[in-house]
1. What's the number of the only condition in (1) surrounded by fewer than 17 Cβ atoms within 10 Å (Cβ to Cβ); (2) in contact (Cβ under 8 Å) with a residue 40 or more places away in the chain; (3) of a type in the set (D, E, K, R) that B:E283 fails to meet?
2. Which residues, taken from the stretch A:103-155, are crowded, with 24+ Cβ neighbours inside 10 Å, in a loop (DSSP other than H, G, I, E, B) and aromatic (F, W, Y)?
3. List the residue pairs whose Cβ atoms are under 8 Å apart, where the first residue sits in the stretch B:335-347 and is closer than 12 Å to B:L76 by Cα, the second is part of a loop (DSSP other than H, G, I, E, B) and aliphatic (A, V, I, L, M), and the two are 6 or more positions apart or on different chains.
4. Would you pick out the residues in the stretch A:52-98 that are assigned to a helix (DSSP H, G or I) and either under 18 Å from the mean Cα position of the chain (by Cα) or without any contact (Cβ under 8 Å) to a residue 24 or more places away in the chain (or both)?
5. Being in the same structural domain as B:M271 (by TED's automatic domain parsing), more than 26 Å from B:E354 (Cβ to Cβ), at pLDDT below 95 and of a type outside the set (A, V, I, L, M, F, W, C), is that true of even one residue in the stretch B:8-16?
6. Please give the strands (runs of 3 or more DSSP E) falling wholly within the stretch B:12-118 in which 1 or more residues are among the aromatic types (F, W, Y), crowded, with 21+ Cβ neighbours inside 10 Å and within 14 Å of chain A (Cβ to nearest Cβ).
7. Picking from A:R74, A:R65, A:R98, which residue would you name as being surrounded by fewer than 20 Cβ atoms within 10 Å (Cβ to Cβ) and at pLDDT 95 or above?
8. Only one of B:Q340, B:Q278, B:Q286, B:Q332 is within 14 Å of another protein chain (Cβ to nearest Cβ) and under 22 Å from the mean Cα position of the chain (by Cα). Can you tell me which?
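The values are calculated or read from the model by the stated rules, or taken from the named source; none is laboratory data. Small disclaimer: the values here were computed from a predicted structure and weren't measured. For neighbour counting, all protein chains shown are included, and Cβ atoms are generated from backbone atoms with ideal geometry for every residue, glycine included.
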Amino acid sequence: MADLHLSFAIAPYDRVMPLITGEVKPLGITLDYWGAQSGQGNPFYDQIKFQRWDVSEMSMSSFLRMRPTGWGYRMLPVFHNRNFSWTNIRIREGSGIRHGHPEDLKGKRIGIADYQMSLGLWTRGILQMEFGVKPEDMVWYQERSEHFSHTGASGSAAGLGVPKNVELHYATTDFNTMFLKGELDAGTGLSMLIGRSGEGRQSSALSGIGRVQADLGAKPDLVSLLFPDPRQEATRFFKKTGVYPPNHCTAVRESILDEHPWVAVSLMDAFEEAKRLSIERLHQSLPTLMVFGQQYFKELGELFGRDPFPYGLKANAKAFEFAQTFSLQQGLTERKQPLEEIFPEEILFREERA
Amino acid sequence: MADLKLSFACTPYDRVLPLITGEVKPDGITLEYSRAPGGVPRIFYDQMKFQRYDVSEMSMSTYLRMRSIKFPYRMLPVFHNRNFSYTYIHIRKNAGIRQGHPEDLKGKKIGIGDYQQTLGLWTRGILQAEFGVKPEDMIWYQGRGQHFSHTGASAEAGLAPPKNVDLRYATTDFDTMFVNGELDAVTGLGLRRGRAGVGGYGTGGQVGGSAGLERRGRGGAGEPDLVTLFPDVRQEAIRYFKKTGVYPPNHCSIVRESIINEHPWVVLSLMEAFEESQRLAIERLQQSPPTLLVFGPHYLRDLDEVFGTDPFPYGIKANAKAMDMAQTFSVQQGLTERKQPLDEIFPQEAFYREEAQ
């Protein structure tokens, strides 16, 4: 029988590359890879509004919001873009927020790219859980526009409003300009904005749906990290909870699952094999540019075990429960959804024995 | 004019990969990449004995020895496999060597893959320069065979092993020797335990890297009880780098001299391509560090503070101190008789290229 052809959109993560290059192939399926040239913003937008791809990376938070509205996708427990994103909150010099004092965020103006994004879900959830700072304690500025954003798309596609308990404004310029003018006190973020890692990630992440940032080069001390040692804070949280927060999941078109239920297992197997290969290769040849890579790996192994990106329902049960709890708490969803409303049946069966 | 076709053997390092895949192409040259399944030990052996490839990665130490007897290659200042290898010395517990006390190595039996290898050159040189432990203060056991090794291939070319050290050839694998108490320490490239416990020595964990020259572990000897000589290897490496500014390169790049003589422009074309390839690799690592390396962006930031944005500088000037140290150690250790002037080593165009820098 000929392969099923499924369109596929995902960032070219190391763990997924063998699936993208075709080195690993899901049994009975040919994945037609679309690419992710314009960053992660547009694929999610297109999925929310146009259900464009059969298989794609997807925002966890947007998924949880869209699913109860009859949105036609189920989730594979293959998670991407894990981040300790609250540790990358940035604060403005002169904002009155002290380094290492998240509670000082109360009453402040904080920027976020897109209110409902998973980065925000986790950042708000963990600020509340760990430091008692609630979303409504801050004034929110969304950098993406009212309609051309995930939050906006959820509104136009499914009538989902913005949570009413928070004051949410739409920025009329980029956040760096607002920082320079003193119109913003803090910003959520994925990148560290400092050193080798900061600039590159930022420029790629902002293409497409984001705004081009003003140059802060003339005022290098204007914006700095809330947590003086973000890695230490991330490690503290992970040791306490065992959760390395996943921002993105994988979505599969429900009509395909209904017609070909085996697709779920075939895709899971392939994602797992691609990851296994990537882990093996990374161990065999660490990037030489990552000096001390071996030692970093040893330290990470002691903290996270061999695989910091576990796939599967059980391995991610606590993270998933956190995400649903936060989503409800923040008024993004009305109820926690039972797992069988979200994941394909065959995935639940697959783990019965696990 | 048609491209010059040059055979090319090099480990697929991140910095070199765009050159291997063909994404970056040297002007006027088509590189014909050899997968070289034996890894660098075989590439080096084949270069020493058979001058097999036009362009290749090469052992610095071996190159310095072989060049002194007219080895027909010149060096490109493109260095690979930088390592603070001396920090990866592992010691057997109960060998009478205290952790953090390199001076305790005196009088001890130490294993090494191949006596003349650059890892050994730097390990011995830095032990002597930093801690006063001379090569002749230890008894050396070479893991590779007497002939099927770089040291052996050099001997066949007329370069005998240094006479000032007691050098023996291991008759079994190092793990067995450790378990039997016949070895006290071993040099190495990596950590021997934990997720990254590969590349230590021999074939034990050196996946894919060293097929061919290495001695096969017999297994069954049990896992020897080893710890690193330095309790915090990274701290020691950073201390050394901050003091000297040198991140020791083990490997260089070489180009067949007859090709350079006939087509001197090849040097510039290759240098530019290696540099462009590295630039691309740095850019990509910045933009998407491996997600599996959690905290990768944090690590990159930490590394920037020590090394700047490019820990692998290419060029003669940027590597002048490392090159001089390698030559000093080589003479000190009796591996070469004299320091060779740089114009006997590098191609003329590589100097001209840096005149204005």
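1. For B:E283, the exception is condition (2).
2. Answer for the stretch A:103-155, where residues must be crowded, with 24+ Cβ neighbours inside 10 Å, in a loop (DSSP other than H, G, I, E, B) and aromatic (F, W, Y): just A:Y115.
3. Going by the 8 Å Cβ cut-off, the qualifying pairs are B:L342/B:I316; B:F346/B:I316.
4. The first filter runs over the stretch A:52-98 and keeps only residues assigned to a helix (DSSP H, G or I), leaving A:60-69, A:85-88.
Result: A:M60, A:S61, A:S62, A:F63, A:L64, A:R65, A:M66, A:R67, A:S85, A:W86, A:T87, A:N88.
5. yes
6. Numbers: elements: B:29-34, B:55-59, B:73-82, B:90-92, B:109-112.
Strands (runs of 3 or more DSSP E) meeting the threshold: B:73-82.
7. Working: A:R74 fails: surrounded by fewer than 20 Cβ atoms within 10 Å (Cβ to Cβ); A:R65 fails: surrounded by fewer than 20 Cβ atoms within 10 Å (Cβ to Cβ).
Every option except A:R98 fails the conditions.
8. On the way: B:Q340 fails: within 14 Å of another protein chain (Cβ to nearest Cβ); B:Q286 fails: under 22 Å from the mean Cα position of the chain (by Cα); B:Q332 fails: within 14 Å of another protein chain (Cβ to nearest Cβ).
The conditions single out B:Q278.
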